[in-house]
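Scroll down for the structure; my scribbles are underneath it.
The values are calculated or read from the model by the stated rules, or taken from the named source; none is laboratory data. Keep in mind it's a predicted model, so treat the numbers as computed, not measured. Please note: Cβ atoms are built from the backbone with ideal geometry, for glycine as well, and neighbour counts cover all protein chains shown.
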Amino acid sequence: MIHGSLAIVASAPNEPPVINEVILDELRPDEAYIEVHAVGVCLADLAVLHGHIPLPFPRVLGDEGESQTYIRGRDPTLLTDLLI
Ligand SMILES: [Zn+2]
């Protein structure tokens with residue numbers, strides 16, 4: 001099943017990020033889906049946005065999420081270490 005989700009999207013370095021709906025690809029066997037209710041944009045995100053950490057664009061910002069731990073995927077145990 002393909003899902004849409006709101007995301008903070010940075011289209012290019014030093015461009016203001018925008019909140020857009022993005023479409024998520026089908027899960028690969030080595031991926032899991034976590035429903036995230038809120039995210040924070042941290043200094044690492046700002047460093048990427050301002051080009052201090054060279055990563056490809058466009059990219060989704062907000063790596064610090066709050067979740068109800070709703071996980072779906074072929075092998076949700078992949079995230080066991082992450083969630084403990
Ligand atoms: Zn962070």
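Taking into account only those residues within segment 29-40 that are within 11 Å of the chain's Cα centre (by Cα) and surrounded by 14 or more Cβ atoms within 10 Å (Cβ to Cβ), which is modelled with the highest pLDDT? By that ranking, first place goes to Val39.
Note on segment 20-51: residues that are in contact with a strand residue (DSSP E or B) (Cβ under 6 Å, 6 or more places away or on another chain) and under 10 Å from Leu61 (Cβ atoms) total 6.
Listed conditions (1) within 22 Å of Phe57 (Cβ to Cβ); (2) surrounded by 13 or more Cβ atoms within 10 Å (Cβ to Cβ); (3) touching a residue at least 40 places away in the same chain (Cβ under 8 Å) are all met by Ser11, apart from (2). Taking the conditions (1) in a loop (DSSP other than H, G, I, E, B); (2) within 16 Å of the ligand (Cβ to nearest atom); (3) modelled with pLDDT under 90 in turn, Glu26 satisfies each one other than (2). Scoring Leu49 on the criteria (1) surrounded by 13 or more Cβ atoms within 10 Å (Cβ to Cβ); (2) modelled with pLDDT under 90 leaves a single failure, condition (2).
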